[in-house]
Amino acid sequence: TIHILQEGFSHPPLPDGSFQADCTITLVRGGPITLLVDTGGPWGSRRLLDLLSQRGVTPENVTDVICTHGHSDHVGNINLFPKAKVMVGLDLSVGDGWYVPHPVRSGGRLELDPGLLEVMGTPGHTRDHVGVVVKGTDLGTVVVAGDTFERDGDGDVWRGLSEDPG
């Protein structure tokens, strides 16, 4: 099952170039995996814990954290999940700071749950951006896309904030 815990947003920049944004936070549960895609900014840690609690999930229950890329509004709470395998963009790490090779780095896909859940590269917003493909949901196949795109009508803002907008 997929639950959007927090819907992301970005507001147009102010004249000085500053803007307000936070990411979508998505919970994916199925079989042995409890996956959090993006963790939000560090200013929202209490809210994230409350949202997880409402779904019956504790930080210790989270087996995997995939941050679609390394911006602060996506990685700000990875410290809350000490038992999880953590992937930030193309870097995959497990307990005690071990970095693990994986096929996404060379253009392949990383299967978290074979046939149901995989990570793939989706460069554009950042060169190491990843997305999570979830198969077999009530909606069919769903891609949790991070900042692959923002929302309809954000084209100019999105291009200005992307490393490789294509």
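A few remarks follow.
- All positions within region 122-143 that are within 23 Å of His71 (Cβ to Cβ) and either loosely packed, with under 13 Cβ neighbours inside 10 Å or modelled with pLDDT of 85 or more (or both): Val130, Gly131, Val132, Val133, Val134, Val142, Val143
- When region 1-24 is limited to residues that are of a type in the set (A, V, I, L, M) and out of contact with any Lys or Arg (no Cβ under 9 Å at 6 or more places or on another chain), the one that is surrounded by the most Cβ atoms within 10 Å (Cβ to Cβ) turns out to be Ala21.
- Residue selected from region 27-74 under the condition basic (Lys, Arg) and in contact (Cβ under 8 Å) with a residue 24 or more places away in the chain, by the criterion surrounded by the most Cβ atoms within 10 Å (Cβ to Cβ): Arg29
- Residue match in region 144-160 (condition: modelled with pLDDT of 90 or more, under 16 Å from the mean Cα position of the chain (by Cα), part of a strand (DSSP E or B) and not hydroxyl-bearing (Ser, Thr, Tyr)): yes
- Selection count where residues are farther than 30 Å from Gly136 by Cβ and in contact with a Gly (Cβ under 8 Å, 6 or more places away or on another chain), scope region 14-43: 4
The values are calculated or read from the model by the stated rules, or taken from the named source; none is laboratory data. Predicted model only: the values in this text are computed from it and were never measured. No Cβ is skipped: glycine too gets one built from the backbone with ideal geometry, and neighbour counts run over all protein chains shown.
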